[in-house]
């Protein structure tokens, strides 16, 4: 395969697509699969055949179209129309009326001018709804693997790293460490073997960005990993994916085979000296494996127990070798940056956090789904313009960002810009991009208990603060909810949370108390009304307790 | 080899490159409490008792794995650290079924010593009273999981020094347990060589010799350092009698 | 379970459960050459599938999790003898294998019921009322999540987010994801399973 071959392939595919007057893309992501998109596909195929439209109209499965709650979704590409709640009957009508007679099916149309679509900026998700998720040719026709070709034929590894650094891309897994800096450390490391690892262990409940990207555009991730491999001098890559995502794993396997067949993975890629292979490792249900040192141990077939850092994986990772580890979304950003240049990328978003971020919005919100927005967008815009606010009759209470390790952002902070630093100032974090909207039907102490139960169940048990501390946090919240807790218990809970946060070994333990700490910060009243005044059982007190600081905790 | 100068609790100290903060404090008789750490075994970094403050960072660092850098300012005895250490021991006390009065290592127990050291006069958390098993099937030794603090010294010594890898940890989180082979009675383990190293390194009374009565079981842990030094450096004279 | 040092003895152990021991002495690697014609020494040809996966990973201990996935896929759950077989093939200590198998929620050491009801307990599902479903189902089956009902029909399993949060609350019924589940629906589905069985029995 050479660059010319690649372009030829792209042209051939474009010509093939051009011969169809219409192109119907149905969402084939896990969300729509469970809403019944298979039946839709079968019905449409049957209708096309019966009406003799198979030469005129192509039917393909594509990646997530965003509005998962309104599925199954169908997109008519030639005459941009998005249909929602498509069942078998509607599917037949779309084929008969829209494709056959040029009349749109008004009942199922989704307005594409809705802020849900217009407020978004798509880089990572640009191919969703445009290409067949299972076809490498379509990915190539959309400009795929051009960036890899460019890197291999026109750039030296140092330039690739430099470009990523200039673009200012930061890790999309949550912590926001500059990707270029990480790659540079690995590139400079001296070793006979280096590794590139993709963290697709999307453990945060309420997050499905990585799943959607892997299902809808797997080649984008493979291309990003191959570029990373070239940049740092690695010849082996691993994708560590959750076992809970069987469809994503299947698509990924298909994609790897396709890329190998075309020589886009394997030996002497684009006739350079660069060899790169990618293997899949399947997780087995452990949230802690999203932590990078635990993930690497799991890739090596061990218990996913985190290790003390330093040494960081970029110095000593898999089998003690320098290892780049980034998450799915980070790799998905790499190819567009090389294709369009770092200046293009850094102009999007904010200065400190350039680019876009994919969020999965779920919970008590009218339009749950997958979105991609420029960094720095106001949280209010995400919740109300894009998500449509909370269901009728309820009020927005908090947005929970960053998964179980994140925090709850209340109404008064709705105007903060969504970027790494701003979210931290209110005790939340970017996390991998799960955002759960909570309305006034939920009690925040219950929500805190839910998160603490999650952290307790997922603690690996290695360090004492996390292993025993999370258990006691959970038990104390139970006690508060039952109405058996006193003010002293509440103070002790806060002190315990600070201790677990500051002394735990890994990110999971350090952030495990965040759910409690942030609800205590913003919704203290909900705790206080449940407390018993000491010595007077049953009496409800509403006294302000001491602010949460080490000094205050000490006095307690 | 370059020498690094840095400050621990307002005093200047020098360290060889590669030394950890804990090594320097031990060499200089500065006491930092530890539990999972044992000379001669790999560092585990899990008990978090040895955490110290380093100026310029809000985070806490385990002394057993952190290496000093030039001019680093380390504090080992601040109020915050004392408070947290006490709480860690408190958590341990609530986690297992620790009844010192009837324990074979009463008076010679590292957990008990830690409790004295951090001033643990009462436990504010509810006791968990877990259902843990006692395994007396081995002909010489007993494993009482009620007293186990999951420091994994036994796991490490068995794998790293004896090479048998009888022990490992099963389960996750609060349900973690030390198990022999396929979670089978110790006495039926095919891999155990009955060398007794695990018993001697155990900080509490979780592993003890049969026949020992209350308070009778004393352990000598410096021998691990001796074996490792003998093996790796050919130092055959037993000098390591430091009990920490 | 004496002496676990080579394939022969492993096969012997397995023969306690299965019948055919005519080829006990054939080493596993030879069998791989002609998998179509030779039976596995244990007499249980499912082990041939497992051996194939082990060979694919060059018998490397680093592939333990992959191999356990395959083993569970073939046998349904990880029995002690199966773990011994894997430990021996990958040259790993028994306690390491047991430790890994019990660390990950995905691995099961006990057999499953005929049907599986996986309830997502992720945040979105929690907010959307997964707890109600949990209560209703637990009450109906008279067992808790993580257990199998007494009639061995249904195993209740809770999952940490299956990634279909847009459709919360979500349950996975025998591998098919269904969204926007209500407690009544969930119980109805389980009753269907239970009655299905009765018809067959009748």
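If you count the DSSP beta bridges with both ends in the protein assembly as shown, what percent of them are antiparallel, to the nearest 5?
Just about 60 percent of them are antiparallel.
Just want to confirm a number: the relative contact order over chain A, from Cα pairs under 8 angstrom separated by 6+ residues, in percent.
Across chain A, relative contact order equals 13 percent.
From the helices alone, meaning DSSP H stretches of at least four residues, give me the mean residue ellipticity at 222 nm for chain A, per-run term -39500 (n - 2.57), in deg cm²/dmol to the nearest 500.
-12000 deg cm²/dmol
May I ask for the percentage of alpha-carbon pairs in the protein assembly as shown that lie more than 41 Å from each other?
44
Using a/c under 1.5 as the rounded threshold, could you call chain B rounded, prolate or oblate? The axes a ≥ b ≥ c are square roots of the C-alpha gyration tensor eigenvalues, and prolate needs a/b larger than b/c, oblate otherwise.
Cα axes put chain B in the oblate bin.
With the Cα gyration tensor of chain A giving a ≥ b ≥ c as the square roots of its eigenvalues, does the rule (a/c under 1.5 for rounded; else a/b larger than b/c for prolate; else oblate) give rounded, prolate or oblate?
Judged from the Cα gyration tensor, chain A comes out oblate (a/c at least 1.5, b/c at or above a/b).
If you count, for each residue, the other Cβ atoms within 10 Å and average over each peptide, how do A:50-56, C:39-45, B:47-53 line up from highest to lowest?
Highest mean packing first, the order is B:47-53, C:39-45, A:50-56.
Angle between the Cα long axis of helix A:328-340 and the longest principal axis of chain A, 0 to 90 degrees, nearest 10?
Value to nearest ten degrees: 50.
Over segment A:58-165, what per residue volume does the convex hull of the Cα atoms give, in whole Å³?
Hull volume normalised by residue count: 132 Å³.
With only alpha-carbon pairs counted, each pair once and no self-pairs, how large is the Kirkwood hydrodynamic radius of segment B:89-142 in angstroms?
Evaluated on segment B:89-142, it is 12.6 Å.
Once fully extended, how much extra length lies between residue A:50 and residue A:18, figured as 0.36 nm per residue of separation less the alpha-carbon to alpha-carbon distance?
Using 0.36 nm per residue and subtracting the Cα-Cα distance, I get 9.3 nm.
Need one value for A:274-287: mean number of C-beta atoms belonging to other chains within 10 Å of its residues' C-beta atoms.
Mean partner-chain Cβ count within 10 Å for A:274-287: 3.
Considering only C-alpha atoms, what is the centroid distance from segment A:311-333 to segment A:115-194, in Å?
15
So what are the three principal axis dimensions of segment C:115-201 from its Cα atoms, in whole Å, longest to shortest?
39, 21, 19
Taking the highest mean first, how do the peptides A:196-202, B:8-14, A:331-337, A:319-325 order by number of other beta carbon atoms within 10 angstrom per residue?
Descending mean neighbour count gives A:196-202, A:331-337, A:319-325, B:8-14.
For the residues B:128, C:50, what sequence is obtained by ranking on other C-beta atoms within 10 Å, fewest first?
So the residues, fewest neighbours to most, are B:128, C:50.
How big is segment A:1-131 in terms of Cα radius of gyration and Dmax, in angstroms?
Cα only, segment A:1-131: 15.3, 48 Å (Rg, Dmax).
If you average the alpha carbon positions of segment A:212-244 and of segment B:125-163, how far apart do those two centres end up, in angstrom?
Comparing the Cα centres of segment A:212-244 and segment B:125-163, I get a distance of 42 Å.
Suppose R0 equals 35 Å; then what is the FRET efficiency for residue B:29 and residue B:133 from their Cβ-Cβ distance, rounded to the nearest 0.05?
0.30
Using only atoms on other chains, find how many Cβ atoms lie within 10 Å of each Cβ of peptide A:470-476 and report the average.
Mean shielding by partner chains, rounded to a whole number: 4.
Work out the mean other chain Cβ neighbour count within 10 Å for the residues of A:365-373 and drop it here as an integer.
The mean count of partner-chain Cβ atoms within 10 Å per residue comes to 2.
Would you compute, from DSSP H runs of 4+ residues alone, the mean residue ellipticity of chain B at 222 nm, taking -39500 (n - 2.57) per run and dividing by the full residue count, rounded to the nearest 500?
-6000 deg cm²/dmol
Quickly rank A:119-125, A:257-263 as a protection proxy: mean count of other C-beta atoms within 10 Å, highest first.
Answer by packing, highest mean first, reads A:119-125, A:257-263.
Is segment A:43-119 rounded, prolate or oblate when judged by the Cα gyration tensor, a ≥ b ≥ c being the square roots of its eigenvalues, rounded requiring a/c under 1.5 and prolate requiring a/b larger than b/c?
Since a/c reaches 1.5 and a/b is larger than b/c, the shape of segment A:43-119 is classed as prolate.
With each pseudo-label sitting 7 Å past Cα toward Cβ, what's the residue B:216-residue A:166 distance in nm, one decimal?
In this crude label model, residue B:216 to residue A:166 measures out at 7.8 nm.
Distance between the C-alpha centers of segment B:10-68 and segment B:80-113? Whole Å please.
Computed from Cα coordinates, the inter-centre distance equals 21 Å.
Read the figures in this text as sums done on the coordinates, not as results from a lab. Computed from a predicted model, the values in this text were never measured in an experiment. Neighbour counts run over all protein chains shown; Cβ positions are idealised from the backbone, glycine included.
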